[in-house]
Amino acid sequence: MTGEAAKTSEATPQARPPLHRHGLGFLASGLLAFAVDAAVLETGVRVFGASPLVARVAAISVAMVIGWLAHRRWTFAIRSKPTFGEFVRYAIAGWLAAFINYCLFAAQLLTVPDMHRMIALGAASGGSMIFSYIAMRYGVFKRL
């Protein structure tokens, strides 16, 4: 390999993971973040007596950090160390997705007061998932 070819090879971004691994990584990362979200939500309501709307803010915050680390490793196979800039991009995209998610969650609980909070959580999470993936794929973990 010539010197110029070696430089080009080194500058090439990592290859994307196979589609099935990418999809499974997205699913696994999302399920992990969802489980953390649900656990913190239930803890806030049952242990601390917070309303579901207040407990959800803390739940989203904790789940967001877990989701960032899981997505960068499992979904997008990023091997380099996390950077502050990457986290800021993830946080912006994550809070936009969380805003969509929270609005859907609150709308369901306010319009159907006897709806169980876990059903509202699942529906809201599913509703914001598409935006979240697009923001992560093309905004946070884009390959240069």
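The values are calculated or read from the model by the stated rules, or taken from the named source; none is laboratory data. Treat the numbers as computed from the prediction; the structure is a model and nothing was measured. Glycine gets a Cβ as well: all are built from the backbone with ideal geometry, and neighbour counts include every protein chain shown.
Quick notes on this one:
- Lone qualifier among G25, G30 - being closer than 15 Å to R73 by Cα, modelled with pLDDT under 95 and touching a Pro at 6+ places or on another chain (Cβ under 8 Å): G25
- I134 being out of contact with any strand residue (DSSP E or B) (no Cβ under 9 Å at 6 or more places or on another chain), over 17 Å from L32 (Cβ atoms) and loosely packed, with under 13 Cβ neighbours inside 10 Å: yes
- Set side by side, the residues L110, L96, L121 differ, and just one is surrounded by 12 or more Cβ atoms within 10 Å (Cβ to Cβ), part of a helix (DSSP H, G or I) and more than 11 Å from the chain's Cα centre (by Cα), which is L121.
- In segment 12-28, the residues that are more than 18 Å from M129 (Cβ to Cβ) and basic (K, R) form Cβ pairs under 7 Å with partners that are part of a helix (DSSP H, G or I) and at pLDDT below 90, at six or more places apart or across chains, as follows: R16/H22.
- Among the residues of segment 119-137, those identified as under 13 Å from T75 (Cβ atoms), of a type in the set (A, V, I, L, M, F, W, C) and in contact (Cβ under 8 Å) with a residue 60 or more places away in the chain are M129, M136.
- All conditions in (1) part of a helix (DSSP H, G or I); (2) small (G, A, S); (3) modelled with pLDDT under 90 hold for A58, with the sole exception of (3).
- Neighbours by Cβ (under 6 Å, 6+ apart or cross-chain): first from segment 71-93, outside any helix (DSSP H, G or I); second not aromatic (F, W, Y): A77/P17; I78/R72
- Evaluation of H71 against the conditions (1) under 27 Å from H20 (Cα atoms); (2) of a type outside the set (V, I, T); (3) buried (at least 18 other Cβ atoms within 10 Å of the Cβ); (4) at pLDDT below 90 shows that the sole unmet condition is (4).
- Answer residue from segment 34-61, given it is in contact with a Phe, Trp or Tyr (Cβ under 9 Å, 6 or more places away or on another chain) and buried (at least 17 other Cβ atoms within 10 Å of the Cβ) and is farthest from R73 (Cα to Cα) among those: P52
- Any chance A50 is outside any helix (DSSP H, G or I), aliphatic (A, V, I, L, M) and modelled with pLDDT of 90 or more: yes
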